[in-house]
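J.: There's a structure below that I have some questions on.
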Amino acid sequence: MRYVVLHHTAPPSHGGPHFDLMLDSDGKSPLWTWRVYDWPPRATTRIERLPDHRRRYLNYEGPISDGRGDVRRVESGVAVLAIDHIHLTTDDQQQRTVKLGEQSERPKL
């Protein structure tokens, strides 16, 4: 499945600056999304499951409506979802793993 990571310069009222990791599960549904506080992620990086996002964010960079900041793409590639982690292969073939903690952080398959 395809993924994108966007740096989101959100104001404090919307979580402050963070990264949005978005997975395209099937090419037509909304994007599974997590707020990630460090990129690239480390073993101790905090992540939070967010509501699914619109598909347009796969290719979008720019301002977000209602004063919620701006987004800029920092990475994209192919993702493989496992029970407790997401394995990422970037477009330039770097490998990353994002650990999923609580059950609430995992998408419903």
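J.: Per residue, how many Å² of accessible area does the chain show with a 1.4 Å probe?
T.: Result: 57 Å² per residue.
J.: Give me the accessible area of R49, 1.4 Å probe, in Å² rounded to the nearest 10.
T.: Looks like 70 Å² after rounding.
J.: Can you list residues whose amide H is under 5 Å from R2's amide H, if they're 5+ apart or on another chain and H is modeled 1.01 Å from N?
T.: Amide H neighbours of R2: D24, A79.
J.: Compare L31, L23, L81 in a GNM of the chain, Cα atoms joined below 10 Å, and give the one with the largest fluctuation.
T.: Of L31, L23, L81, the most mobile in the Gaussian network model is L81.
J.: Could you tell me which residue out of P41, P30, M1 lies farthest along the dipole of the chain toward its positive end? Charges go on the beta carbon: Lys and Arg +1, Asp and Glu -1, centred on the Cα centre.
T.: It is P30.
J.: Long-range amide H contacts for H85: which residues qualify at under 5 Å (H placed 1.01 Å from N, peptide plane, sequence gap of 5 or more or a different chain)?
T.: Under 5 Å from the amide H of H85 lie the amide H atoms of L100, each far enough along the sequence or on another chain.
J.: How much length would be gained if the chain were fully extended between D66 and V78, taking 0.36 nm per residue of separation minus their Cα-Cα distance, in nm to one decimal?
T.: 1.2 nm
J.: So, one more: Taking every pair of alpha-carbon atoms in the range 1-84, what share in percent sits in each 5 Å bin, from 0 to the bin with the longest distance?
T.: Taking all Cα pairs of the range 1-84, the binned fractions are 3, 15, 25, 30, 17, 8, 2, 0 percent.
J.: What FRET efficiency comes out for the pair R56/Q95, r = Cβ-Cβ distance, R0 = 22 Å, nearest 0.05?
T.: The formula returns an efficiency of 0.20 here.
J.: If each residue of separation counts as 0.36 nm, what is the full-extension length gain between H14 and H87 once their alpha-carbon separation is subtracted?
T.: Working it through step by step, the gained length comes to 23.6 nm.
J.: Mind jotting down the distance between the C-alpha centroids of the range 11-26 and the range 40-78, whole Å?
T.: The distance from the Cα centre of the range 40-78 to that of the range 11-26 comes to 4 Å.
J.: Sticking with this structure for a sec: Take the solvent-accessible surface of the protein heavy atoms, probe 1.4 Å, and return the percent of it on the chain that carbon and sulfur atoms account for. Please report the intermediate quantities before stating the final value.
T.: Numbers: 3180 of 6200 Å².
Roughly 51 percent, rounded to a whole number.
The values are calculated or read from the model by the stated rules, or taken from the named source; none is laboratory data. Treat the numbers as computed from the prediction; the structure is a model and nothing was measured. For neighbour counting, all protein chains shown are included, and Cβ atoms are generated from backbone atoms with ideal geometry for every residue, glycine included. Surface accessibility is based on the protein's heavy atoms, side chains included, excluding ligands, DNA and RNA. Shrake-Rupley method; radii C 1.70, N 1.55, O 1.52, S 1.80 Å.
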